Each structure stands twice: as C-alpha cells, then as structure tokens.
Amino acid sequence: MAAPSREFTAPTLQLLTHEGELRPSAEAEPYLPIIEALPDAALEQFYRDMAISRRIDVMGANLQRQGQLALWVPSHGQEAAQVGSARAARPQDHIFPSYREHVVGMIRGLDPVDIVKLLRGVTLGGWNPAENGNFHLYTLVLASQTLHATGYAMGLQFDRATATGDPETDAAVLVYYGDGSTSQGDASEALVFASSYQTPQVFFVQNNQWAISVPVSRQSRSPLSLRGGGFGMPGIRIDGNDVLASYAVTRQALEEARSGVGPSLIEAVTYRMGAHTTADDPTKYRTDDEVEYWTERDPITRYRAWLEARGASSAFFDEVDAEAADVAADLRRRALDATAPPRSAIFEHVYSDPHPVVEAQAAWLEAYENSFEGEGQ
C-alpha cells in the first residue's frame, strides 16, 4: 500500500489571464490600482522591452551556433518576469543578477554588447555597476549573488541610505536567482541574514521549472514562495508570464523594503522555453507536451492580446518589430567587431597602486608569450 502523499499549495497571483484578459485573481485585486496608475506609454514600454529581448535572444543563440560566442544563455519565455520586475525598481536601487537577466541590464542602461562580449570571452569583468544603473555583475556561481545582495542591503542600512522616509532617495536591493539556486546553501544563508537584519531587499526567484535537467518538483516538495515564511518574511507566488503581476508585486515589495518594513520573497512561476544554455539539450529530459503547454502561455503573446484589446494599433507593433530587428542587427555587428583586450589588462585592476609581485607576474607572462614567436614558421 502506497504511503499517502502530502500536498503543499500556495495561491498564484495573476492579473492577466492566459488569453490576455485583465481578470485579477482574488489575491491580485489589491495590486490593480498600481497598474491603473500607469500611463499608456509605460504599458507599451513593457511590450517593447519584451519584444526586443526576444529578438536579441534569437540573435545570441545564432551567434553561438555560428561559432562567434563560447556560450549563450537564453531567456526566451521569461521576459515578463524580468521586464515587470526591472521596471518596478527605482534608479537608486541596486540589482544583483545571476546570468540570464539580459533585458534587466538593458533596462538599467547596460549596453547589451557588454553581455555579448562576456560570452564571447573578450572582456575580463563585464561592466561598472555605477555606470549602468547599479546593475551589478553577472554571477556564474549559483546563488552567490544572494549573499552579495544581502551584504549590500545591510550596507545601505549602515550608511542610512534607506528607510529615511524619502522614497526618491531611499534605496532597496533586488536580487534574481533561479529555482535551481534555491537548493544552494548560499541562498538560505542570505535569507537568514536578510530576515535577521530586516534588510531593504527583495528576493526574486524565477522558477522556470528546470535546474538544467532537474525538475523543480525534485528540488522542492512545496511552492518556493513558502520558503519566505519559513525565514520570517512574506512569500508571494505570481504568474511569472504576466508582466503586469510581475511589475505590481515587485513595485509594492520594493516600496515596503525601502521604507523599512523588511525583505520579501517573490516566486515568479515561468518557463524556460529554450535550453539552459547553448551547451544543453532539453529534448533529453522534457516532453513536447510540456513545451506546448507553456507555449500557449507565452508572455508576449498574452500581453499583446491585452494591448490590442485596449486599442493599441498595428502601427505600434510594426514599429516595435522594426526597432527590435534594428537593435539585434546592430548588436550582432558590434559583437563581431569586438576584439580581445591586451594581455596587460588582466593585471591593471588587481591593486589600485603598482605592486611588485603583479609587475613580476606581468613580465613573466609577456616573456612566456613572446617565447612562442616564430614557431611554426
């Protein structure tokens, strides 16, 4: 006789139905005024961001297949979760990504060619967060950015740069990580410190159903949003393919964080339509029926249907498509023109002042590389 199974559930907050109708779930009703306050230009910007992100994603995958990138990390299917949450942040907020948040960086002012350079292997670091909307560096070590973000949020408290009562200057921290990263010890440690110190922080989990080839059901017997309560903070589960829900819930959570209420956790239920990276083959571990199920819940198709019902013109969508094509083409051209930095660049920022050990290492490398000159001729 089989043992009875325990079931743990959490409501999924949704504003837009899968068909693109604005029909809030009961849990979403309090967030509706946040959306109603947005001007048409902001609502159209959500679509523009998602469409450009999708086009760049296709371009990046093609570049890798053509041997121009070492790797590409797709975000196809996760556009609504990323765009809504990124647009919810204020300029003074700090954002800590993992390695899939391409459009989040673009929204914060990052030139996407810097991401392509990173994956092409011609940059040694990436970008300066202070020059790119406080968008911090990509992190390939799973969940380590959750600790970085929590430490930074604690620093905001020490510097009294948050919870002063001025929403125009008070800062908060938004950190992205995936369902796979929730199994890392770093993520739990970050949640402990965030709760203990009541940091001005939002943990944004993109549950795209798969940690490479391991399903989320293997990693967690309960919705990931429930972990928030276990660590002493609110946990909210949203439809991650609903850009309006992503924006409204993240906006509210960040406002509460910067006002001194404390941290919260958002689980955005979405789906990685493509491979984990271009080094992965998802056909080995998931079914066509599963992919078809999520294709019918495409975030861009859903949102376009809602905009069309509101009166958005075909000219608007044509203009966005043309812009997305131009951005992708320009990015491809600049990616192919990107060259590797000189060998000396690896030593330039180790110390702020000249250091004899670093200088000796640089000289050794130069001599070593020069020793190969003339070979094979």
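Structural remarks
- Condition check for residue 77: more than 30 Å from residue 339 (Cβ to Cβ) and either open to solvent by less than 10 Å² (accessible area, probe 1.4 Å) or assigned by TED's automatic domain parsing to the domain that holds residue 280 (or both): yes
- Number of residues in segment 36-56 that are surrounded by 20 or more Cβ atoms within 10 Å (Cβ to Cβ) and more than 20 Å from the chain's Cα centre (by Cα) equals 0.
- Scope segment 215-231; condition open to solvent by 60 Å² or more (accessible area, probe 1.4 Å) and of a type in the set (Ser, Thr, Tyr); matching residues: 217
- When the residues of segment 169-214 are filtered to those that are hydroxyl-bearing (Ser, Thr, Tyr) and part of a loop (DSSP other than H, G, I, E, B), the one that is surrounded by the most Cβ atoms within 10 Å (Cβ to Cβ) is 199.
- As a summary of the residue check, residue 365 satisfies the conditions (1) hydrophobic (A, V, I, L, M, F, W, C); (2) farther than 24 Å from residue 118 by Cα; (3) assigned to a helix (DSSP H, G or I); (4) over 31 Å from the mean Cα position of the chain (by Cα) except for the one numbered (2).
- Tabulated pairs, segment 271-282, first modelled with pLDDT of 95 or more, second aromatic (Phe, Trp, Tyr) and open to solvent by 30 Å² or more (accessible area, probe 1.4 Å), C-beta under 8 angstrom, 6+ apart or interchain: 271/294; 273/294
Table: residues versus (1) aliphatic (A, V, I, L, M); (2) assigned by TED's automatic domain parsing to the domain that holds residue 114; (3) over 25 Å from the mean Cα position of the chain (by Cα).
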| position | (1), (2), (3) |
| --- | --- |
| 312 | yes, yes, yes |
| 317 | no, yes, no |
| 320 | yes, yes, no |
| 324 | yes, yes, no |
| 327 | yes, yes, no |
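- Matching entry among 303, 293, 285 (being surrounded by 12 or more Cβ atoms within 10 Å (Cβ to Cβ) and either small (Gly, Ala, Ser) or closer than 30 Å to residue 48 by Cβ (or both)): 303
- Matching residues, segment 129-156, being assigned to a loop (DSSP other than H, G, I, E, B), closer than 18 Å to residue 202 by Cα and not hydrophobic (A, V, I, L, M, F, W, C): 133, 134, 136, 138, 139
- Candidate set: segment 235-270, residues that are among the β-branched types (Val, Ile, Thr) and open to solvent by 10 Å² or more (accessible area, probe 1.4 Å); chosen: the one farthest from residue 160 (Cα to Cα): 269
- Filtering segment 92-128 to residues that are outside any loop (DSSP other than H, G, I, E, B) and open to solvent by less than 30 Å² (accessible area, probe 1.4 Å) leaves 94, 95, 96, 102, 103, 104, 105, 112, 113, 115, 116, 119.
The values are calculated or read from the model by the stated rules, or taken from the named source; none is laboratory data. Values in this document were obtained by computation on a predicted structure and should not be read as measured data. Using ideal geometry, Cβ is built from the backbone for each residue, glycine included, and neighbour counts are taken over all protein chains shown. Heads up: the accessible areas ignore ligands, DNA and RNA and are worked out on the full protein's heavy atoms, side chains in. Shrake-Rupley method; radii C 1.70, N 1.55, O 1.52, S 1.80 Å.
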